[in-house]
Structures are given as C-alpha cells and as structure tokens.
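Following: one structure in structure tokens, then a few remarks.
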Amino acid sequence: MTNNSRQNSHKVYQRAQQLMPGGVNSAARAFGAVGGEPIVFEKGEGAYLQDIDGNRYIDYIGSWGPMILGHQFQAVKDAVHLAVERGTSFGAPTVAENQLAELIIEAVPSVEMVRLVNSGTEATMSAIRVARGFTGRDQVVKFAGNYHGHVDSLLVSAGSAAATLSVPNSPGVTEGTTRDTLVLNYNDCEQLAATFAEQGEQIAAVILEPVCGNMGCVTPTPEFLAMLRQLTEAAGSVLIFDEVMCGFRVAYSGAQSLYGVTPDMTTMGKIVGGGLPLGAFGGRRDIMQHVLPAGKVFQAGTLSGNPIATAAGIAMLTALRDSPPYDYLEQVSQQLADGLQSACRSAGIEHCLNRVGSMMTLFFQSGPVTDWDTAAKSDVARFGKYFWGMIEQGVYMPCSQFEALFVSSQHSSDDIAATIEAAQKILPELK
Ligand code: KE4
C-alpha cells in the first residue's frame, strides 16, 4: 500500500515542468498514456522503488529493462565504485572496452565485431547507416508498432496510401529523411514477400524487434522470422535484430538464440550497460569492417565505451553468464502471468496476456495481439484505471498499455503474490 500522499512528488514535478519539457527527460516516463503526474523516486533496492514521500512500490518497469538483476545489484555497484577511483572518462581506449566487447561477441551469435555507443538510439541509428554504407542502397524496412529509439528516419508511421509509404510521425522529421523508410505490418508474410518481390534489390536493411516490447509484448511467428531471414539473404539486404530490449532479457544470447535465427547485425542497449548509458551495435565482420576508421562509414562518440558504463556492463553480463537467472525468471514470471490472467477472469475483464520469459504485457482486450493493428484495439482507458489502482496498492506497472513489464531476479514469490492480490482487489472495480 502507498500510505503517504505524494505531495513532495507533486511539488518537485511542478518545478520540473518549468525546467524541462513536460518535466521529464524522456517522454516515456511522463504518464501521458495513463494521465496524472509522474512519481518522483528517491531510490531503488532489489525489486522495489521508493518515492520521495516514502512510499514503496514493487517495480515492474526496472528502468524500462536494464534492472534484470534488481536495483543496486552488488557486483555492478562494486564495479562502478572501483572504476570511478580510476577516473570517469578518458576519450581513449581502455582494457575494459575489450573485455565488454569479448563478452558481447561470446554471448550474441550474430556478433563477430561490435562498437560500443551511449544508447539504444545511437546503436540503431549507427546500424542503419552502416547497412546503407555496406549495401550502397537507401531503403530501410521497419514495422508498425516497433520502436527503435528517436532516430529521425524511423520516426514514421505507415502512410495512408500503400501500407509501405511512410510519413513522419513527429514534427521536425522531414519528408526527406523518411522517404526511404518503408513501414510494413509485423507478422505479415504476404506483404513482406510482395515488398521484396517488388523492390528487394533497393532494400539496404530490415530492422525489427525480434520480441516486441514497444506495442506491448508481441512475438514473431516462426514463418515470419524464417521469411525475413530468407528474403533478406536472397536480396542482399542486411537483417538487423533490434535487441535493445529483449537482448540478454529473454535469454542470455537474446531472441536470436531463442528462435534460432541469426541476423546480420544486432543492436543492444539497456541490460548491456547494467543501467548506465551504454548501447552497442555489432554483426558480421565483413559488415562491421565498413565502420570508420576500419572502413568509411562515419561513426564516433565522446563517451562511447566510457569506463564507468563499461565496468557496469562487464559486471552485469558476467553475472548473467556465470549465474544465469533465466530459470528463476521463467518460474516467477509464469506465476505472475497466471495470477494476472486468473484475476481478470474472476473479475470478468476481457484480457489477453503475451509473454516471453520475464517480459510480458496484459492487454485489455480479448486478443490475439499479433501486430500494431490488433494491439491498438486495447481498452487504454481501462488500462489507465488499472495502472493507478495498482499504484495505490504499491505496485508500479509500466505507464502505458503499449509497453512491456519486466520481472527481475529479485522479485520474490511473495512479491508476485502481493501483486496478484493487488490485481484481484482493483480489477473488479474496472468492470
Ligand atoms: P534508448 O535510446 O532509449 O536507450 O533505446 C531506444 C530503443 C531502441 N530499441 C528498442 C527495442 C527500445 O525498446 C528502445 C527504448 N525503449 C523505451 C521503452 N519502450 C525506452 C524508454 C524511454 O524512452 O524512456
């Protein structure tokens, strides 16, 4: 239960709105989709967050994915404290970058070479540039409902005309930057085949979330993944798996190991940096050798491979590799999924839950949810009431129907039971 009012949160947020657009440094955390004011937090510990009014919440956002081992994971803390003693940034090579690169290459099947960057957005932006430089082609295919960071050329929606014509979906993104972006429907094999038949030779890359989190959790059909691999191979296009969210989350070696489909490039973020600002893109050696200074495709960054972020990433990946939490995560995530679905059934609430490992989404609709068009049918108003009801019960769920929740290795069976109890309490009120 959240026993204290959130008056300090309110005061701080009022001031924040004078200082920063919307009072936040990322739109995703502004509660736009659920209404009300964001909560201002003081600290995180294990599976919990505590706000500045002293209220404690079971946290299912986990910083939008990085906190797979819970907040303040000791090995990451120790590594960061040690690294800080040696300085925070050199802008020059360090041993730690080799160590993190080795871990990534060893873990991710598609990655023979890797470049470290500062965010998932930088990783996808760079990967697309490299794919275009490698192929000498312009067109990039993405899928409605997939989010790859705020890359201008990917901030597009399917155009009103043929589903493959795209239009900018943010002011400030020009027609020019989106002209070469095609938007297709996720899991639509027929449309994908037709697009490649018509213009495969012009397609530099296809980028997708191999397990979606940004329209809520949506999984690819085996046919869709197989066709993506086959068509890109035949056309000489680069297949990019954006594993910023599902990488190291759904399995240590990511969705590509889970589904047995190896892309040509992979983008990473979130978990790979242990909660510090770090992303990465990598792939086939013959592609990555095109990246400056080995090749001619420009890419750079003052803080790329930063000693503190790499220390956190090394500690995180080492812990995940040497003491894999995935069996435990599967067990408690299954317990949560079963409990939430049972609570919805008892309350007579239409629902559909999609889950892969410790990432899942409870959609307020009967489903199935297989792409953006079906996800968009969800009852977002009901989701908003559910979100706030759970907040009052001390459970912090993702603040949008179109996000995934994340379970950590620190969520105990009791935490899951308390979460289910909270849902049983508030869902009947949503009928
Ligand atoms: P960042 O630039 O936010 O590190 O990563 C962008 C990105 C790229 N690819 C995928 C599959 C992603 O999920 C993301 C970022 N995810 C959102 C949550 N849906 C981050 C939350 C936020 O923007 O604050």
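The values are calculated or read from the model by the stated rules, or taken from the named source; none is laboratory data. Remember, predicted model here, so these are calculated numbers, not experimental data. Heads up, the Cβs are rebuilt from the backbone with ideal geometry, glycines too, and the neighbour counts pull from every protein chain shown.
Taking the listed residues 119, 110, the one that is more than 17 Å from the chain's Cα centre (by Cα) and among the hydroxyl-bearing types (Ser, Thr, Tyr) is 110, with no other qualifying.
Quick grid of which residues meet (1) surrounded by fewer than 24 Cβ atoms within 10 Å (Cβ to Cβ); (2) within 25 Å of residue 297 (Cα to Cα):
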| position | (1), (2) |
| --- | --- |
| 209 | no, yes |
| 219 | yes, no |
| 224 | yes, no |
| 229 | yes, yes |
| 248 | no, no |
| 255 | no, no |
| 260 | yes, no |
| 277 | yes, yes |
| 281 | no, yes |
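Filter segment 18-76 down to the residues that are charged (D, E, K, R) and either at pLDDT below 95 or under 17 Å from the mean Cα position of the chain (by Cα) (or both) and list them by number. Answer for segment 18-76, where residues must be charged (D, E, K, R) and either at pLDDT below 95 or under 17 Å from the mean Cα position of the chain (by Cα) (or both): 29, 59. Once segment 108-126 is narrowed to residues that are in a helix (DSSP H, G or I) and touching a residue at least 40 places away in the same chain (Cβ under 8 Å), the residue that is farthest from the ligand (Cβ to nearest atom) is 126. Can you find even one residue in segment 76-98 that is in contact with a Leu (Cβ under 7 Å, 6 or more places away or on another chain) and within 21 Å of residue 257 (Cβ to Cβ)? There is no residue in segment 76-98 that is in contact with a Leu (Cβ under 7 Å, 6 or more places away or on another chain) and within 21 Å of residue 257 (Cβ to Cβ). Selection of segment 340-378 for residues being closer than 10 Å to residue 218 by Cα and among the charged types (D, E, K, R) yields 355, 371.
Condition check: among the acidic types (Asp, Glu), crowded, with 20+ Cβ neighbours inside 10 Å, more than 23 Å from residue 410 (Cβ to Cβ) and touching a residue at least 12 places away in the same chain (Cβ under 8 Å). Does residue 264 satisfy that? Yes; evaluated as a whole, the condition is true for this residue.
You will find that of 380, 395, the residue that is among the β-branched types (Val, Ile, Thr), in contact with a Ser or Thr (Cβ under 7 Å, 6 or more places away or on another chain) and farther than 16 Å from residue 355 by Cβ is 395 and no other.
Across segment 380-406, the qualifying residues are those that are part of a loop (DSSP other than H, G, I, E, B) and more than 16 Å from the ligand (Cβ to nearest atom), and the one among them that is surrounded by the most Cβ atoms within 10 Å (Cβ to Cβ) is 393. Listed conditions (1) over 20 Å from the mean Cα position of the chain (by Cα); (2) at pLDDT 95 or above; (3) more than 23 Å from residue 63 (Cβ to Cβ) are all met by residue 386, apart from (3).
Taken together, 301, 367 contain a single residue that is among the small types (Gly, Ala, Ser), farther than 19 Å from residue 61 by Cα, assigned by TED's automatic domain parsing to the domain that holds residue 186 and in a loop (DSSP other than H, G, I, E, B), which is 301.
A single entry from 284, 229, 249 fulfils the requirement of being under 19 Å from residue 126 (Cβ atoms) and basic (Lys, Arg): 284.
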